[in-house]
Amino acid sequence: MLFSLRKMRKMYFGKGIVFDSQKPIEEERKRICTCLSEMITEMARALPEHTVVPYRNIPKKYYLTNKETDKVPEIPKEKWRKPVVDYRTFRLSKINQPEFNHLLYLLGWVGYFILYFLTENLIPRERCVPVHCVLDDIVPFCEYFVIPYVGWYILIVVSLIYFALYNPDNFKRLMKFIIVTQITAMVIYIVFPNRQDLRPYMFVRENIFTDIMGLIYTADTSTNVCPSLHVAYSVGIASVWLKERMASKRCKVFITVFCILVCVSVAFVKQHSVVDIFVAIPVCVLAEWVAFGRDYWNVVFSKRA
């Protein structure tokens, strides 16, 4: 064991620990870990009083001295967690650095909007095949479902900002999920142009929700709807949030329920056929496999076993 105190300009050596190769490795591992822990504590307390850097990631002002290591520091709960990435130092010249290279995945949106513009303007409506099923005639139009339908846009932005600040790895996974669904959907739109003819000719009621739906109908065409990207993105967002360790159970339940409402809303606001919802499922399975990989799910199933 070695201790180095810069202020005192001294180095302290502890007793050596001998590994016994005749005993089971697991038993020796536990013994050595216990000895190291006890020796470190004993040596630290024997030294002159000094501040100890704890293993827990806590603010420096709450560090204890080696004479107080048996105490638990009182740390007030902070309203906001400190982001793991300091974007105040971000410059475009640093985009390839490990700290910021996850932002490169945002270029996927640029590619998507280019393809969206091309497919919307180069594929005439007459070439698009109508998508329809019996359930479309059963599901009524309900303008109130515009709330989760429009809230979907906010959910995407909030999720990407959260993961960019607190979990860049999950930011990459979510963007991979979105990019895979975007590419797959665009390929389907080009190979199999489709549309839906479910929008009502007129609204039975007039309120703020029907006004919003009218704006959406005007801005968004009813072509290239199968599979539904509203559904695909929602599944991806729910999947990543459910795997986020720092998220509370309430947060996960809320986001999951909201994503389910989004998936259902596309049929109630007559933006998609029910067929579009089911076709999005295999696309999501492919995106899940690419975003998280086979190794991730092998670990999950091995733990359950």
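The values are calculated or read from the model by the stated rules, or taken from the named source; none is laboratory data. Note that the coordinates shown come from a computational prediction; the quantities given were computed from them, not determined experimentally. We place every Cβ from the backbone using ideal geometry, glycine too, and count neighbours over all the protein chains shown. Just the protein is used for accessible areas: all its heavy atoms, side chains included, with ligands, DNA and RNA removed. Shrake-Rupley method; radii C 1.70, N 1.55, O 1.52, S 1.80 Å.
Screening residue 193 with (1) in contact (Cβ under 8 Å) with a residue 12 or more places away in the chain; (2) open to solvent by 20 Å² or more (accessible area, probe 1.4 Å); (3) under 23 Å from residue 286 (Cα atoms) gives one miss only, at (2). Selection of region 133-147 for residues being open to solvent by 80 Å² or more (accessible area, probe 1.4 Å) and under 9 Å from residue 268 (Cβ atoms) yields only 144.
Looking only at region 115-132, decide whether some residue is free of Cβ contacts under 8 Å to residues at least 12 places away in the same chain, closer than 23 Å to residue 263 by Cβ and open to solvent by 80 Å² or more (accessible area, probe 1.4 Å). No: region 115-132 contains no residue that is free of Cβ contacts under 8 Å to residues at least 12 places away in the same chain, closer than 23 Å to residue 263 by Cβ and open to solvent by 80 Å² or more (accessible area, probe 1.4 Å).
Summed over region 72-106, the residues that are modelled with pLDDT under 65 and open to solvent by 60 Å² or more (accessible area, probe 1.4 Å) give a count of 7. Put simply, of 261, 286 the only residue that is farther than 24 Å from residue 124 by Cα, open to solvent by 60 Å² or more (accessible area, probe 1.4 Å), modelled with pLDDT of 95 or more and assigned to a helix (DSSP H, G or I) is 261. In region 203-238, the qualifying residues are those that are surrounded by 13 or more Cβ atoms within 10 Å (Cβ to Cβ) and small (Gly, Ala, Ser), and the one that is nearest to residue 148 (Cα to Cα) is 234. The numbered conditions (1) at pLDDT 70 or above; (2) in contact with a Lys or Arg (Cβ under 8 Å, 6 or more places away or on another chain); (3) open to solvent by less than 100 Å² (accessible area, probe 1.4 Å) are all true for residue 44 except (2).
Hey, any hits in region 156-164 for a residue that's outside any helix (DSSP H, G or I) and surrounded by fewer than 16 Cβ atoms within 10 Å (Cβ to Cβ)? No, region 156-164 contains no residue that is outside any helix (DSSP H, G or I) and surrounded by fewer than 16 Cβ atoms within 10 Å (Cβ to Cβ).
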